[in-house]
Amino acid sequence: MRDRFPLLVLGALLLAGVLGAFLVRGAQRGGFADPLSTFRAEPDGARALFLLAQESGLPVTRNVADLRIVSGPEALVLLAVDVEGSHEEDPDQTRLASDPDAGVNDEEAPHLGFNAMRAQQLEDAELERVLAHVRSGHSLVYVPWGSRENPLLDELGVKLDKADTSLPMRTLVAPLPTPYTLGVERVETKVQAYLRLPENAIPVLEDERLGMPVAAVIPLGEGRVLVVGAPELAMNQALARADNAQFWLSALGALGPGPYAFDEFHHGFTNERSLVDFARRYGLHFAVAQLLFGVVLWAGALKRFGRPLPPPEAMRVGATDALFAMSRLYREGRHHAFAAGLISRGLTQQLAPLAGLPSHSTVAAVAEGLRARGRQDLADGLVDVARQSDAVQRDADLQALATSAAHLRERIHPAGTGRPRPGTP
């Protein structure tokens with residue numbers, strides 16, 4: 001133990017340091033969340049956008065459940081949410097346009113701390129539900145991170161071209177007047193990707209110098225999807241520039257009455273799941289299987305594995321010495337009648353539950369109860385032990401009484417007959 005003490009101290013100090021670091025980080029105002037999370041109050045968060053819409057009278061909510069079930073008239077807002085099956089159709093373009101120090105890693109949405117383990121991608125089943133929700137007449141705001149294509153963009157017919165990271169902040173203007181840019185003269189932001197749009201798309205914002213679209217609305221069924229290739233436009237630090245804030249108010253207002261559900265589930269924020277909610281989402285058979293698994297574990301916990309271990313030698317010797325000392329006290333003090341009464345009372349208390357009576361019941365009541373339950377053998381044995389206890393006067397009588405009580409205890413089992421003793425027919 002002494003050799004391990006320095007290691008234990010080092011481990012305790014390391015654990016305290018890690019817990020302290022997470023405590024300090026969690027105490028930071030909004031600094032625990034991922035970039036473009038509406039919980040993050042840092043410059044790269046989206047808390048200002050959420051509060052701007054809220055203070056402007058737009059109904060906004062945060063979605064902390066997966067998107068396998070989407071109900072109601074809500075318009076979904078996905079900011080920097082990874083989509084399962086993302087791919088790059090032109091890797092050379094990404095490598096040439098990326099900053100030399102950044103490489104291609106800047107194409108992945110960043111996650112901070114434990115969010116890297118909790119954050120999830122938009123799965124195929126969720127994507128199908130989201131697309132069905134839009135096709136039924138609802139709206140979607142999607143701000144991808146980077147320039148990689150994914151199944152959601154493929155469904156919309158949108159391709160992304162990586163913006164040159166060496167270019168300074170871009171000025172975006174509306175190529176034509178639309179309700180999505182009402183009151184917007186210019187927007188200033190850094191661009192990650194330019195959009196190649198299908199024929200039915202409506203360009204909303206384009207680069208003033210290059211003439212390439214950065215934001216557009218794509219019809220899908222009876223609904224609409226707003227795609228923005230500039231994630232920085234939704235960040236806290238960008239809303240104070242030019243008409244950036246007005247763009248979001250106009251775009252959200254033109255997409256419908258809301259409510260606007262900002263997705264936080266895929267940023268690592270989840271709600272607590274109950275068994276009923278699990279069954280509602282994934283099917284009742286999984287909930288039943290989970291319940292049966294719990295019952296099996298509970299049943300296994302009640303089972304003894306292996307033969308019972310003998311008590312330690314010190315405990316066995318101590319218990320034997322205590323028993324001999326107690327018997328010597330009874331013999332020297334000639335308390336045979338008292339000891340006999342203890343044996344009779346203990347046997348009565350043990351048989352009382354079998355008769356359906358409390359442990360303080362009398363011998364006669366317990367015997368009657370045993371007869372009523374078909375245990376005539378136990379009733380007769382109990383009466384016989386009680387009769388013997390009244391006649392105990394010597395050590396031999398007390399030993400015979402204890403032997404009779406022990407034989408009767410061996411017969412307490414559901415079969416109703418005594419266990420055969422060695423040497424008896």
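The values are calculated or read from the model by the stated rules, or taken from the named source; none is laboratory data. No experiment lies behind these values; they were computed from the predicted model shown. Reconstructed Cβ throughout: ideal geometry from the backbone, glycine too, with neighbour counts over all protein chains shown. Only protein heavy atoms, including side chains, enter the accessible area calculation; ligands, DNA and RNA are left aside. Shrake-Rupley method; radii C 1.70, N 1.55, O 1.52, S 1.80 Å.
For region 205-251, how many residues meet the condition of being closer than 15 Å to residue 147 by Cβ and in a helix (DSSP H, G or I)?
Residues meeting the conditions: 2.
With 184, 217 as the choices, which residue is open to solvent by 10 Å² or more (accessible area, probe 1.4 Å), β-branched (Val, Ile, Thr) and more than 22 Å from residue 39 (Cα to Cα)?
184
What's the number of the condition residue 50 fails, among (1) in contact with a helix residue (DSSP H, G or I) (Cβ under 9 Å, 6 or more places away or on another chain); (2) open to solvent by less than 60 Å² (accessible area, probe 1.4 Å)?
(1)
If you check residue 25 against the conditions, is it modelled with pLDDT of 65 or more and closer than 24 Å to residue 120 by Cα?
Here the answer is no, as residue 25 does not meet what is asked.
Condition first: open to solvent by less than 60 Å² (accessible area, probe 1.4 Å), of a type in the set (Lys, Arg) and at pLDDT below 80. Now tell me which residues in region 238-295 satisfy that.
Listed by number, the list holds a single entry, 281.
If you check residue 228 against the conditions, is it among the β-branched types (Val, Ile, Thr) and touching a Phe, Trp or Tyr at 6+ places or on another chain (Cβ under 7 Å)?
no
On the basis of being closer than 30 Å to residue 124 by Cβ, within 38 Å of the chain's Cα centre (by Cα) and in a strand (DSSP E or B), does residue 152 make the cut?
no
Could we say that residue 341 is modelled with pLDDT of 80 or more, over 56 Å from the mean Cα position of the chain (by Cα) and open to solvent by less than 60 Å² (accessible area, probe 1.4 Å) here?
Answer is yes for this residue.
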